[in-house]
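Engineer: After the structure tokens below, expect a handful of questions from me.
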Amino acid sequence: MSTVTTADITVPAQPTETQLSDEVRVVGMVWERELIRYGRTRTRIVSGLVQPVLFLFVMGYGMSGLVGTTGGFNFRQFVYPGVVAMSVVMTAMFSALSIVWDREFGFLREMLVAPVSRVSLVLGKTAGGATVAAAQGTIMLVLAPLVGIHLTPVLVVQMIAIELVMAVAMTTFGVFVASRIQKMESFQVVMQMLLMPMLFLSGALFPLNGLPGWLTVITRLNPLTYAIAPLRQVVFAAQDMSPAARARFPTNVTLFGYTLSIGMELAIVVVFAVIFFVLAFRGLSKTE
Amino acid sequence: MRGQQRPLGWSDAMTALAAGEAQIGASTDSCPAIDVRGLTKQYDDLVAVDGIDFTVGQGEVFAFLGPNGAGKSTAIKMLCTLAHPTSGGASVAGFDVATQAKSVRRHIGLVFQEQTLDDQLTAEENLRFHAVLYGVPRGQVESRITRVMELVALSDRRKDLVSTYSGGMARRLEIARGMLHTPKILFLDEPTVGLDPQTRALIWDDIQRLRTEEGVTIFFTTHYMDEAEYAERIAIIDHGSIIALDRPDVLKASVGTDTVAIETSDDGAALVALRSAGYRVEHGERGLVAFVADEEAAVGPIVAAAGVPVQTVRAHRPTLDDVFLHFTGREIREQHGEAIPMFARAHGARRS
């Protein structure tokens, strides 16, 4: 009998229940790990720049001949916000999909067996991926003057804010996808079968108006559509553009004939982010 | 009848008392570190673990010995709350594995067969990450990291990326990490699989040091007979059941005594001479076999007592291999072959 009483007394004396402050610490640590890894892989920062630069300059100049200039505004200027978004999206997805690596190299197990909430792990991963992706998007701002985009301090703040929202949504999406991928080989397939179509059907590289009906439907189902439009809207709002150019390169997304405001577009992105977050949490809860 | 019963009862009571005292002496808590009752895990039509029962005392070093596929890993997974028992249960560090999984995990350290380090982080960063996951108080993180790195003698590599570590160093870092949050019990699943003999010896030095300096209870699985010897008690597990459980020396004694086998120029004469000298001797396959208490000490006197020229001497002390053979009717090595260690080595090599 005495053994039972001793155990009863000793057990509650120790802090066995995880407290909120502990969980916040976990979120911070997972976030910090993402930043450490990002800072340590210079090649990733550079390769994250190469592809958007290719789109911006090579495709930008190539398409300029076809599209021409309207009221002093050209295709490179049009595509610039889309290319910034591309680099944010790719970095966010890459960061989130590193979970597949973590699974392969065992570190995911270290995280999943720990006595912490999976919500904290997904939150930390999301915060980390979003920070890294927004940083990569911000690096892209240095290219703005080269394509004739005029930056103001307000515009920079607006862009970073929108990049963050976009990055959060894409990181949660990436974590959700990664939680379902068991093998490294699937990673490339996912990148090509999901990411490229999402980017192409988001209005990042061409205006969404005047598309055939079926394509319009697909673009409206794409969460990225609602993240890229606001970025383009704030960039264009800060430019000195002729009415003709504004008509030629529209920025708004219409849904059932209704033109969405920036706030509504971002709200849609946030809704997508919440849905993906829940799916990501559930995906990670299934293992171990 | 009565006369026979009484000494038995007395010795049982004395053993129980001694065991109880040892446990109380080891720690202030008096419940066993691990208490397993009828633990069973069934997958469809395969019974991986078949109703095992045992307890592990506080501060004890306990081993699960058995071939691959015997159910060791499944059993350890249930104790670490990574798998749910089909029936039966266990308490680990005083917490129920089924209903208090989080508390169990807080109080145990885990070292898996596979590596679970982030090799893009430094050793220190890996440990710091772990400290946060396991809620080590902020003020203690630094001192604990310093302490566990000392325990595994890796202090000078603290700031190095894990990708620069050898397989053995990574494994020792994992052991250090398992100890970081001062667990009550450290679980090691095949801790040395795929490592070279020198590294294996180093790892066992580390584990012994943890045991003496931190007083942690150690539970490990292995299919290496020589490693099971590090345990104070061994459970031999085969086909999901515990077929023997005792101290290594008791297990070995249970399969027979030491023997000294000799071949002489005249076995008949030697047999008579040795028997008259008080040895228990039989005819063996080749020559004579003497059954002795201690083979090392007996070799010299036997050769001298044989009285005729001795041509060959083979002394043998029962090993855990003999124990395993005795209880299962086959050798442990037949079971796993060489495929498993080779795979593990290739696995480790890819990471390093």
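The values are calculated or read from the model by the stated rules, or taken from the named source; none is laboratory data. None of these values were measured; they are calculated from a predicted model. Using ideal geometry, Cβ is built from the backbone for each residue, glycine included, and neighbour counts are taken over all protein chains shown.
Engineer: Just checking, how many residues over segment B:135-163 are over 30 Å from A:Ser120 (Cα atoms) and either modelled with pLDDT of 95 or more or of a type outside the set (Ser, Thr, Tyr) (or both)? First the steps, then the outcome.
Structural biologist: Start the filter on segment B:135-163 by keeping residues that are over 30 Å from A:Ser120 (Cα atoms), which leaves B:150-157.
Checking the rest, the ones that are also either modelled with pLDDT of 95 or more or of a type outside the set (Ser, Thr, Tyr) (or both) come to B:150-154, B:156-157.
Result for segment B:135-163: 7.
Engineer: Hey, does segment A:255-269 have a residue that's part of a helix (DSSP H, G or I) and in contact (Cβ under 8 Å) with a residue 60 or more places away in the chain?
Structural biologist: Yes; the residues of segment A:255-269 include at least one that is part of a helix (DSSP H, G or I) and in contact (Cβ under 8 Å) with a residue 60 or more places away in the chain.
Engineer: Hey, among the residues in segment B:199-221 that are under 25 Å from B:Thr74 (Cβ atoms) and outside any helix (DSSP H, G or I), which one's farthest from the chain's Cα centre (by Cα)?
Structural biologist: Going through the qualifying residues, I end up with B:Val216.
Engineer: Inspect all residues belonging to segment B:266-277 and state whether any of them is surrounded by fewer than 17 Cβ atoms within 10 Å (Cβ to Cβ), touching a strand residue (DSSP E or B) at 6+ places or on another chain (Cβ under 8 Å), assigned to a strand (DSSP E or B) and outside the structural domain of B:Ile76 (by TED's automatic domain parsing).
Structural biologist: Within segment B:266-277, not a single residue is surrounded by fewer than 17 Cβ atoms within 10 Å (Cβ to Cβ), touching a strand residue (DSSP E or B) at 6+ places or on another chain (Cβ under 8 Å), assigned to a strand (DSSP E or B) and outside the structural domain of B:Ile76 (by TED's automatic domain parsing).
Engineer: Something else about it: Output the residues belonging to segment A:43-62 that are farther than 22 Å from B:Leu117 by Cβ and of a type in the set (Lys, Arg).
Structural biologist: Step one: filter segment A:43-62 for residues farther than 22 Å from B:Leu117 by Cβ, giving A:45-62.
Residues satisfying the conditions do not exist here.
Engineer: Right, another one. Any idea which residue in segment B:134-159 is surrounded by the most Cβ atoms within 10 Å (Cβ to Cβ), counting only those that are out of contact with any Leu (no Cβ under 9 Å at 6 or more places or on another chain) and within 14 Å of chain A (Cβ to nearest Cβ)?
Structural biologist: Ranking the candidates gives B:Gly135 first.
Engineer: Condition first: facing chain B (nearest Cβ under 8 Å), more than 20 Å from the chain's Cα centre (by Cα) and at pLDDT 80 or above. Now tell me which residues in segment A:17-52 satisfy that.
Structural biologist: Within segment A:17-52, A:Asp22, A:Arg25, A:Val26, A:Met29, A:Arg40 qualify.
Engineer: What helices (runs of 4 or more DSSP H) completely inside segment B:94-195 contain at least 3 residues that are of a type outside the set (A, V, I, L, M, F, W, C) and closer than 24 Å to A:Val119 by Cα?
Structural biologist: So the answer is B:101-106, B:123-133.
Engineer: Let me ask something else. Return the only residue of A:Leu224, A:Leu231, A:Leu194, A:Leu208 being surrounded by 13 or more Cβ atoms within 10 Å (Cβ to Cβ) and not in a helix (DSSP H, G or I).
Structural biologist: A:Leu208
Engineer: Can you tell me which of (1) in a helix (DSSP H, G or I); (2) touching a strand residue (DSSP E or B) at 6+ places or on another chain (Cβ under 7 Å); (3) not charged (D, E, K, R) is the one B:Ala290 doesn't meet?
Structural biologist: (1)
Quick grid of which residues meet (1) within 12 Å of chain B (Cβ to nearest Cβ); (2) surrounded by fewer than 23 Cβ atoms within 10 Å (Cβ to Cβ); (3) part of a helix (DSSP H, G or I):
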residue: A:Ser95; (1), (2), (3): no, no, yes
residue: A:Trp101; (1), (2), (3): yes, yes, yes
residue: A:Val116; (1), (2), (3): yes, no, no
residue: A:Leu121; (1), (2), (3): yes, no, yes
residue: A:Val132; (1), (2), (3): no, no, yes
residue: A:Gln136; (1), (2), (3): no, no, yes
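Engineer: Within segment B:117-126, take every residue that is more than 26 Å from the chain's Cα centre (by Cα) and within 13 Å of chain A (Cβ to nearest Cβ) and give me the one that is surrounded by the fewest Cβ atoms within 10 Å (Cβ to Cβ). Break it down stepwise before answering.
Structural biologist: Step one: of segment B:117-126, the residues more than 26 Å from the chain's Cα centre (by Cα) are B:118-126.
Retained after the next criterion (residues that are within 13 Å of chain A (Cβ to nearest Cβ)): B:118-122, B:124-126.
Values: B:Asp118: 23, B:Asp119: 18, B:Gln120: 19, B:Leu121: 20, B:Thr122: 20, B:Glu124: 16, B:Glu125: 20, B:Asn126: 27.
Filtering segment B:117-126 for residues that are more than 26 Å from the chain's Cα centre (by Cα) and within 13 Å of chain A (Cβ to nearest Cβ), the one surrounded by the fewest Cβ atoms within 10 Å (Cβ to Cβ) comes out as B:Glu124.
Engineer: If you don't mind, there's one more thing I want to ask. Can you tell me which of B:Arg200, B:Arg233 is closer than 19 Å to B:Glu114 by Cα and assigned by TED's automatic domain parsing to the domain that holds B:Glu60? Give the derivation first.
Structural biologist: On the way: B:Arg233 fails: closer than 19 Å to B:Glu114 by Cα.
Sole residue among the options that is closer than 19 Å to B:Glu114 by Cα and assigned by TED's automatic domain parsing to the domain that holds B:Glu60: B:Arg200.
Engineer: So, in segment B:89-108, how many residues would count as being more than 11 Å from chain A (Cβ to nearest Cβ) and either surrounded by fewer than 19 Cβ atoms within 10 Å (Cβ to Cβ) or in contact with a Pro (Cβ under 6 Å, 6 or more places away or on another chain) (or both)?
Structural biologist: Number of matching residues: 4.
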